[in-house]
1. Tell me, what % of the accessible area of region 62-122 is carbon and sulfur with a 1.4 angstrom probe?
2. If Lys and Arg each add +1 and Asp and Glu each add -1, what is the summed charge of the other residues whose beta carbon sits under 14 Å from the beta carbon of residue 77?
3. Taking all protein chains together and a probe of 1.4 Å, list 97, 57 from the most accessible to the least accessible.
4. Measuring from label point to label point, each 7 Å out along Cα→Cβ, what is the residue 66 to residue 121 span in nm?
5. Using the Karplus curve 6.51 cos²θ - 1.76 cosθ + 1.60 with θ = phi - 60°, work out ³J(HN,Hα) for each residue of region 72-83 in order, rounded to whole Hz, and write x for Gly and Pro.
6. Counting Lys +1, Arg +1, Asp -1, Glu -1, what net charge surrounds residue 114 among other residues with beta carbon under 14 Å of its beta carbon?
7. Under 5 Å between amide hydrogens, which residues at least 5 positions from residue 52 or on another chain qualify, with H placed 1.01 Å from N in the peptide plane?
Amino acid sequence: MKQHRLMIALLVSVALNFGLAGILVGDHFFGRANALAGAPLKRVVETLPADSRPAVREALREHRFELARALRELKKNRRRVQDLVQREQASSKDLERAFADVRGATEELQRILHGAMVEGLSGGS
């Protein structure tokens, strides 16, 4: 029972973290109106030098299709974890693989986001 609660807690944590990431990407990169969604990302961009901000925003917009693909993959992998956690007899091997897939998708999303930021900050060079 303890392991089951731990898995649920991990799933909730992952869902909250990536739910926020999805909202941020949807709001900021795709121009969806949501008063709360863009605030954390906007704060990050606001920490950049003022003359770099437009280039970073543009680089992020240019990578919006890659970001959307990476988010879809992350959501697919999160659903797989959720499905496994809800099973009573999910094997540890299946759970480990599903969590590894979530980590891989998270890393891919971060790679794209970080790459776009570097691109914007370096002027595309």
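The values are calculated or read from the model by the stated rules, or taken from the named source; none is laboratory data. Quick caveat: nothing in here was measured; it's all calculated off a predicted structure. Note that each Cβ is placed from the backbone with ideal geometry, even for glycine, and that neighbours are counted across all protein chains shown. Side chains are part of the model used for accessible areas, which takes the heavy atoms of the whole protein and leaves out ligands, DNA and RNA. Shrake-Rupley method; radii C 1.70, N 1.55, O 1.52, S 1.80 Å.
1. 47 percent
2. Net charge in that neighbourhood comes out at +2.
3. In descending accessible area the options line up as 97, 57.
4. 1.6 nm
5. After applying 6.51 cos²θ - 1.76 cosθ + 1.60, I find 4, 5, 4, 4, 4, 5, 5, 4, 4, 4, 4, 4 Hz.
6. Summing Lys/Arg as +1 and Asp/Glu as -1 gives -3.
7. Residues meeting the criterion, in which the H sits 1.01 Å from N, do not exist here.
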